[in-house]
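The values are calculated or read from the model by the stated rules, or taken from the named source; none is laboratory data. Model, not experiment: these values are computed from the prediction. Cβ placement follows ideal geometry from the backbone for every residue including glycine, while neighbour counts extend to all protein chains displayed.
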Amino acid sequence: MNPIDFLKVDNGGRNAAIFFHGYGASQEDLYPLHAELLWESCDFYFPNGVHAVDLGGWTQGRSWFDVQMAELQRLMLQGKFRDFKTATPPGFETLINHVSSWLKKEVLGKYDNVILGGFSQGAMMAGHLIAKLMDEGNIIGGILFSGQLLDEKFLLDNLARVKTSKRPYVYASHGKQDPILSVSGGKELFEELQTQIMKINVKSFFAMPMPTQPLGWFKK
């Protein structure tokens, strides 16, 4: 699997926030968040998806895993949503292990506190990585914009292995006009983390015109 490229904002901080972009975007997509959040003593990491995506017109984006875009577009034209709960993208476990290894090498252990977040496909990545790495000890929370409950069994398997009693906070939001990813699917991820395992404190779930509207909270 390709090495992970990333952009870093080095503020000389003792805390770190890592944001994973969505399908077809790149490491530059969420980069402006560091200027919006203005967290003191916090370094920011914006990793690039491991797969290239042809966007047409000689343009390429990146992705973390295949989402079967043709099927998503077919369902969207019918006014329907895909259920990701039972979906297992090809090589997904290998991907999570690969990104976990990168986080352990590049981020975890170097900071007092770590937050994992992302948008859309990146929010799905962040949810699984929180479950996978909670026992590393310094992940204090997550920020999930327009995520979905993806591969429920794999998520539950990883959460079942958690030994730490620490409970990171997870903030989740979803744009209520999202034509591709359902609000209900985002809420399922929220509720899974909140009620199924009781290892995570989910602070709140928002269905708003834009999923990033709660940023005012995070600036505090």
Counting only residues that are at pLDDT 85 or above and farther than 10 Å from G24 by Cα, how many does segment 50-71 have?
-> 2
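Which one is farthest from P90 (Cα to Cα), of the residues in segment 135-162 that are among the small types (G, A, S) and not in a helix (DSSP H, G or I)? Walk me through how you get there before you give the answer.
Within segment 135-162, the subset among the small types (G, A, S) is 137, 141-142, 146-147, 160.
The next check asks that each one be not in a helix (DSSP H, G or I); those that pass are 137, 141-142, 146-147.
Details: G137: 29, G141: 27, G142: 25, S146: 22, G147: 19 Å.
For segment 135-162, the residue satisfying everything is G137.
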Of everything in segment 3-25 that's of a type outside the set (A, V, I, L, M) and buried (at least 21 other Cβ atoms within 10 Å of the Cβ), which residue is nearest to V107 (Cα to Cα)?
-> F19
May I ask you to list pairs of residues, at least six apart or on different chains, whose Cβ atoms are under 6 Å apart, with the first in segment 116-127 being within 14 Å of N158 (Cβ to Cβ) and the second being assigned to a helix (DSSP H, G or I) and of a type in the set (A, V, I, L, M)?
-> L116/A126; L116/L129; L116/I130; G127/L189
Within segment 116-131, can one find any residue that is part of a loop (DSSP other than H, G, I, E, B) and among the hydrophobic types (A, V, I, L, M, F, W, C)?
-> no
